[in-house]
Amino acid sequence: MQRFKALLPVRRSLHRHSFLSVHQHGFSAQPNYAYYDDTQEQVLVEGRANSRAAILNRPSSLNALTTSMAARLKRLYESWEENPDIGFVMMKGKGRAFCSGADVVTLYNLVNEGKVEECKTFFRTLYNFVYLLGTYLKPHVAILDGITMGGGAGISLPGMFRVVTDKTVFAAPETQMGFHPDAGASYYLSRLPGYLGEYLALTGEKLNGVEMIACGLATHYSLNARVSWVEERLGKLITDDPSVIEDSLAQYGDLVYPEKRSILHKIETIDKCFSKDTVEEIINALETEAAESYDHWCTTAVNKLKEASPLSLKITLQSIREGRFQPLDQCLVREYRVSLNWITKQVSNDFSEGVRARLVDKDFAPKWGPSSLGEVTKDMVDYYFAPLGESEPELDLPTALREPSV
């Protein structure tokens, strides 16, 4: 526990190009309530003295991401990076969410209509933006004031500064919807303390802003009531110096610690159980721990795992484990393979079934296929990670241009 306690105070500094220090898509738990035809309305721009701010603007759908939004973000960020009059860049969301992830109901409809190529375009566009942000040459400030799930984390955590508040809620809920944490999630989750990343990825458990600070997902904490002050202060800066931006953020920061009931105080048990090699062994370890300690948390974690797609669980565990040893670009290439194999339904229909059960029909009774962990074979899992065929190009990231030393 002592090694984890050292992580609890608010972190105010960050190395520039590591994910948790940082250099992540995922899925929204929200349906497509509203759709803006005007791409420029989906992502607004605020001009400041020496900076620009991108504002995600689909508040009625919790700023769920569309292909056009990801494409516009990429265009804007590329132009801002090249503009010598812009010192740093910000991103925030309109309404009560920063970003709830991808607009999965739209993806669900596209898959069911056989428009798989449009889905591929979404993943390709999104992952390219994640990589751009993960290698961005200018300081970046993401204000995660509200719901930040799946792809919402993917388009923000790769940047230099991540500001959270008392309204922030983070989660990677993909296994509950028959998918996998993607858009760099296997990179940043695998680098969390101990085996916390496996726990969050497999159970979909939520973290609040204080917990994000403690485990390193965020760099600064500010009360929601002070966010406008933070933005006003940043808007007046004439700088491209990260230390100046850091000092400005720190002026409105708070020293915070997770409360006693936080899951972060379970880190020893998390490490003991989620360090196992297989999902079956993780569940067995949790059940043994529950029987010995009468800890309700263990039972809750087991129930979460048993509600998720068995295939998703096994793919997600392997993805996180591989991510521990791979840089961001390789994680994105692997995740792209897995995502494309999900939407083509060659092995399983779990993505469509999970979205149907949770967001469309809302019966919360998905019929997973395979229906149990025992039915998920090694060949099934291996299929998702295999290189794409000759007729299907791999994700092409500009590593030679952005990381010439790689």
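Within the range 166-179, can one find any residue that is more than 30 Å from Y108 (Cβ to Cβ), of a type in the set (D, E), surrounded by fewer than 19 Cβ atoms within 10 Å (Cβ to Cβ) and touching a helix residue (DSSP H, G or I) at 6+ places or on another chain (Cβ under 8 Å)?
Looking for residues that are more than 30 Å from Y108 (Cβ to Cβ), of a type in the set (D, E), surrounded by fewer than 19 Cβ atoms within 10 Å (Cβ to Cβ) and touching a helix residue (DSSP H, G or I) at 6+ places or on another chain (Cβ under 8 Å), one finds at least one in the range 166-179, hence yes.
Pairs only if they're at least six apart or on different chains, beta carbon under 9 angstrom, first in the range 52-68 and among the hydrophobic types (A, V, I, L, M, F, W, C), second part of a helix (DSSP H, G or I) and open to solvent by 10 Å² or more (accessible area, probe 1.4 Å); list them, first residue then second.
Going by the 9 Å Cβ cut-off, the qualifying pairs are A53/E231; A53/G235; A54/R72; A54/L76; A54/W80; A64/V105; A64/T106.
Is it the case that the range 207-222 has a residue that's surrounded by fewer than 24 Cβ atoms within 10 Å (Cβ to Cβ) and on the phi > 0 side of the Ramachandran plot?
yes
Say whether the condition of being open to solvent by 10 Å² or more (accessible area, probe 1.4 Å), on the phi < 0 side of the Ramachandran plot, modelled with pLDDT of 95 or more and touching a helix residue (DSSP H, G or I) at 6+ places or on another chain (Cβ under 8 Å) is met by at least one residue in the range 336-343.
Yes.
Just checking, which of S319, S243, S248 is in a helix (DSSP H, G or I), among the small types (G, A, S), open to solvent by 30 Å² or more (accessible area, probe 1.4 Å) and at negative phi?
S243
So if I check each of Q330, Q326, which one is at pLDDT 95 or above, open to solvent by 10 Å² or more (accessible area, probe 1.4 Å) and touching a Gly at 6+ places or on another chain (Cβ under 9 Å)?
Step by step, each of Q330, Q326 is checked, and only Q330 is at pLDDT 95 or above, open to solvent by 10 Å² or more (accessible area, probe 1.4 Å) and touching a Gly at 6+ places or on another chain (Cβ under 9 Å).
Return only the number of the condition from (1) surrounded by fewer than 15 Cβ atoms within 10 Å (Cβ to Cβ); (2) at pLDDT below 95 that G374 does not satisfy.
Tallying (1) surrounded by fewer than 15 Cβ atoms within 10 Å (Cβ to Cβ); (2) at pLDDT below 95, G374 fails exactly one: (2).
Give the number of residues within the range 260-297 that are of a type in the set (F, W, Y), assigned to a helix (DSSP H, G or I) and either crowded, with 19+ Cβ neighbours inside 10 Å or out of contact with any Lys or Arg (no Cβ under 9 Å at 6 or more places or on another chain) (or both).
1
Can you work out which of the residues in the range 301-316 that are part of a helix (DSSP H, G or I) and either at pLDDT below 95 or of a type in the set (G, A, S) (or both) is farthest from Y187 (Cα to Cα)?
Across the range 301-316, the extreme among qualifying residues is A301.
The values are calculated or read from the model by the stated rules, or taken from the named source; none is laboratory data. None of these values were measured; they are calculated from a predicted model. Note that each Cβ is placed from the backbone with ideal geometry, even for glycine, and that neighbours are counted across all protein chains shown. The protein model used for the area step is the full one, side chains on, heavy atoms only, and it has no ligands, DNA or RNA in it. Shrake-Rupley method; radii C 1.70, N 1.55, O 1.52, S 1.80 Å.
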